[in-house]
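Participant: The structure under discussion is supplied below as structure tokens; questions concerning it will follow.
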Amino acid sequence: MFKKRLTAILLLLIMCVGFGASVFAMPPHKGYTYDNMGNPTAAPLPYTFDMEVNGSAYGIGNFSSPTDVFVDEDDYIYLLDSKNCRVIIFNSALDIVRIIGNTENVVGSQITHKGENLTLTGASGLFVYEYFDKKLLYVADTGNARILRFDVLEELGEKDSLEAACTPIEVESYYGQPVIDIINENTAYKPLKLTVDRAERMHVICQSINRGVVKLNPDGTFNSFYGMPEVSIPAYEKFWRLISNNEQLDRMEKQVATEYNNIDVDADGFVWVVTRTLGDVYIKNSMYTDYDDVDGRKAFAPVRKLNSYGTDITSRTGAFPPVGDISSLAIDYSAAGSGVNVMAQLQTLIGISAFEDIAVDDYGCYAIADSQRHKIFMYDCDGNLLFQFGNDGNQFGSFKAPIAVDTFLDDKIIVLDSYDASLMILSPTDYGTCILEAVRAYQTGEYEESEALWGEVLQMNSNNMLAYSGVGKSLYRSGNYKAAMEHFTISKNVEYYSKALEEQLNAVIGDKFTLIFLVIIIVVVAMWIFKLIKQFRAFLRNGVKKVM
């Protein structure tokens, strides 16, 4: 009897261990998307966890307060390990090829500039400028109020050892605090994030400067501010500003939150910015505006595409503008069936999405890291939500504090989680790959291929309204307006339905124009002849009566 009980207990333990392991490895939550009414609907997961990268695996100590990640055109990964005062560069095989900065407790590596040793202090952002034979690494050294530039083209070869990756490096260019006459001279200069355009002008987001993006010339001198959003000031604050002295006004200015908190540049040279400082009310007001209400959707937008004049030219023609999760119900739906108490979640709503970073690909699609909802959102160039993935949790594929995102090896995505101090690499599922390829085929004019790919998406998820719209767009571009209208009806795409209807009417009228024209002429002539006959008969009757 004792042996039987012991055997049963052992079997039960084995089952529990096996079950626990499978739960830990399984996707953390169900996928979902939205219909055009804003209701969450089930969807396959577009991305799955691939691997996690942390410093301890390389013998260089854990990452500490990492703040940014960037992937260049050759798929080298640059990680800004802020509290450890270093930049770690990985190749596409995830081998360390270079460490720039402090490598305390590992191997000594110095940053030098004109014979002086430098240390990164509270560095917040980095960017790699690539043009022909140039590969220049820019680092926003926030705590030291400067931007450092390194020529890393010759630094990225394979290294035989960790020591070889940690040799000293010279700063190629040093950009200190620029002279900006139109701001208070006591305002601290703290560059946070930056990008660089083709002319090597730097576009910098600064913590204490609230006039939009700071544009610096290639030599680091001030050029201009641009992209400053309109700020809605409450009536009571306007009153206090009227009666305040200069010192009080300066204090008020310091209390204004930074408009933008991250920045990127696309293949066409347009600058993209995101902000997390907008209030719930403003986001919700723009969330439920019609697609053709351009001003309403743009007034308080958390993501913006800026042209060279700083004008927001973002396309927001989707069912909802790109604002992240549009309903608290989305979280509850994704958790359904995973053992999470849905009613408990309803009692602790966590507010709107908070965008931390943006990464734009060559086709105008952009991924956004949301630290509030612990997700990554992907949109197409028109602002349609393609998919989302991730959630708050400790499982692989979950995020605690996603603060930076970039694409890697074509369709893989890298997410920097500051809470876990690690990089997560995720790979697309068949569902995610199919959506991305459908969008790209449409953008490159391969409409038949795009239609076929969207059809595959519908086979995997018949709830995907964007897929119906995608098929309709491909049919529209190929000239099959009647079939396109049917798909736009299902997806409730009013804009493209109107376009297809107009083209369909033009096509119908154009094919039968000659016949319609002849019928109209015959009818007009017949009516004219009938009128003449009627008048002639009336004349005869009236004329005879007069003679009699």
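Participant: F399: net charge of surrounding residues, Cβ under 13 Å, Lys/Arg +1, Asp/Glu -1, itself excluded?
Facilitator: That works out to -4.
Participant: If you split all Cα-Cα distances of the range 373-450 into 10 Å bins from zero, what percentages do you get per bin, shortest first?
Facilitator: Using 10 Å bins, I get a P(r) of 17, 46, 26, 9, 1 for the range 373-450.
Participant: For the range 374-455, what's the relative contact order in percent, using C-alpha pairs closer than 8 Å and at least 6 residues apart?
Facilitator: 17
Participant: Of the trypsin sites (Lys or Arg not before Pro) in the range 97-160, which ones lie in a loop per DSSP and count no more than 14 other C-beta atoms within 10 Å?
Facilitator: Within the range 97-160, the qualifying trypsin sites (Lys or Arg not before Pro) (loop, at most 14 other Cβ atoms within 10 Å) are K114.
Participant: If you stretched the chain out fully between K134 and M527, how much longer would it get, using 0.36 nm times the residue separation minus the C-alpha to C-alpha distance?
Facilitator: 133.6 nm
Participant: Additional query: What FRET efficiency comes out for K114 versus M228 if R0 is 35 angstrom and r is the Cβ-Cβ distance? Round to the nearest 0.05.
Facilitator: 0.45
Participant: Estimate the FRET efficiency between N217 and A507 by the formula 1/(1 + (r/R0)^6), using the beta-carbon distance for r and 56 Å for R0, to the nearest 0.05.
Facilitator: Between N217 and A507 the formula returns 0.55.
Participant: Another question, if that's okay. Let me check I've understood the local charge: for D219, count other residues with C-beta under 15 angstrom from its C-beta, Lys and Arg +1, Asp and Glu -1. What total comes out?
Facilitator: +1
Participant: As a test question: what accessible area, to the nearest 10 Å², does E437 have when a 1.4 Å probe is rolled over all protein chains in place?
Facilitator: Its heavy atoms expose roughly 80 Å² to the probe.
Participant: Modelling each spin label as a point 7 Å along the Cα-to-Cβ direction, I'd like the Q443/A93 distance in nm, to one decimal.
Facilitator: 3.1
Participant: Only sites in a loop by DSSP and with at most 13 other Cβ atoms within 10 Å count here; which chymotrypsin sites (Phe, Trp or Tyr not before Pro) in the range 261-331 make the cut?
Facilitator: Y288, Y309
Participant: Ok, one more. Please compute the net charge surrounding A483, taking Lys and Arg as +1 and Asp and Glu as -1 over other residues with Cβ under 15 Å from its Cβ.
Facilitator: 0
Participant: Nearest 0.05, what FRET efficiency do V281 and A452 give at R0 = 45 Å with Cβ-Cβ as r?
Facilitator: With a Förster radius of 45 Å, E is 0.55.
The values are calculated or read from the model by the stated rules, or taken from the named source; none is laboratory data. In this text the structure is predicted, and so the values were computed from the model without any measurement. Because the Cβ atoms are built from the backbone with ideal geometry, glycine has one as well, and the counts that use them run over all protein chains shown. Only protein heavy atoms, including side chains, enter the accessible area calculation; ligands, DNA and RNA are left aside. Shrake-Rupley method; radii C 1.70, N 1.55, O 1.52, S 1.80 Å.
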